[in-house]
Amino acid sequence: MAKLYFRYGSMGSSKTANALMVAYNYQEKGQQALLAKPALDNRDGAGVMASRIGLSRPCISVERLMEMTREEICAYDCVIVDEAQFCTKEQVAFLTDIVDKYEVPVICYGLRTDFQRNLFEGSLWLLAWADIIEEIKTVCWCGKAATCVARFDENGVMVTEGSQVQLGGNDSYVSVCRKHHKLGLIHAPEA
């Protein structure tokens, strides 16, 4: 029985690397995984799913996925969606249709919350509708579980206001525990 999975984690928790490894595992078994991400995520280029450790594979946009026919989607053994936090409610509903109507498993990877600890639209609906929800863990500079994403400016100061979506990586975001997010400490204080 097909299921909708939401595997969430903070920045740097290897979500994309995990997604690419799952796709490789399908390939190794002689099966095909369709890789997709929302068109909004063009940080690594359109049509590319890339991890920080250098793994990458071609992908399609979620918008293109929604245009595919049942037959086209059912030709795959699994659909893997990266950066799922950027999906809309309508797109997440379509992912549930792939599972429920087409019996194709869908595995989504993404952030749960933004730099202000607010849910993204895609994450909200994945948390509401996913059959299985799993956390991919990483750690704060203090060693505790990093569950928050902190955005910082060019001076290394944590930013608490601004647009929810600002594409970036290690140059603008770091994962920290809730306590250090509240305190605005994105790295160990200098002695």
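In the list Glu67, Glu121, which residue meets the criterion of being free of Cβ contacts under 8 Å to residues at least 24 places away in the same chain and acidic (Asp, Glu)? Unique residue meeting the criteria: Glu67.
Any idea which residue in region 132-161 is most open to solvent (accessible area, probe 1.4 Å), counting only those that are part of a strand (DSSP E or B) and of a type in the set (Val, Ile, Thr)? Step through it out loud before you land on a result.
Residues of region 132-161 part of a strand (DSSP E or B): 132-136, 139, 145, 148-152, 158-159.
Narrowing further to those that are of a type in the set (Val, Ile, Thr): 132-133, 136, 139, 149, 159.
Details: Ile132: 48, Ile133: 77, Ile136: 29, Val139: 93, Val149: 6, Val159: 36 Å².
Here the residue is Val139.
Could you list all residues from region 109-145 that are among the aliphatic types (A, V, I, L, M) and out of contact with any Ser or Thr (no Cβ under 9 Å at 6 or more places or on another chain)? Matches in region 109-145: Leu124, Leu126, Leu127, Ala128, Ile132, Ile133. If a residue counts only when it is in contact with a helix residue (DSSP H, G or I) (Cβ under 6 Å, 6 or more places away or on another chain), of a type outside the set (Gly, Ala, Ser) and at pLDDT 90 or above, which strands (runs of 3 or more DSSP E) contained entirely in region 1-118 have at least 2 such residues? Strands (runs of 3 or more DSSP E) meeting the threshold: 4-9, 78-81, 106-110. Among the conditions (1) open to solvent by less than 70 Å² (accessible area, probe 1.4 Å); (2) within 19 Å of Ala36 (Cα to Cα); (3) free of Cβ contacts under 8 Å to residues at least 40 places away in the same chain; (4) within 18 Å of the chain's Cα centre (by Cα), Asp97 misses just one, which is (4). Surrounded by fewer than 21 Cβ atoms within 10 Å (Cβ to Cβ) and in contact (Cβ under 8 Å) with a residue 12 or more places away in the chain: is that true of Gly47 in this structure? Yes; evaluated as a whole, the condition is true for this residue.
The values are calculated or read from the model by the stated rules, or taken from the named source; none is laboratory data. Nothing here was measured: the structure is a model prediction, and the numbers come from that model. Positions of Cβ are backbone-derived with ideal geometry, glycine not excepted, and every protein chain shown enters the neighbour counts. The area values use the complete protein model at the heavy-atom level, side chains included, leaving out ligands, DNA and RNA. Shrake-Rupley method; radii C 1.70, N 1.55, O 1.52, S 1.80 Å.
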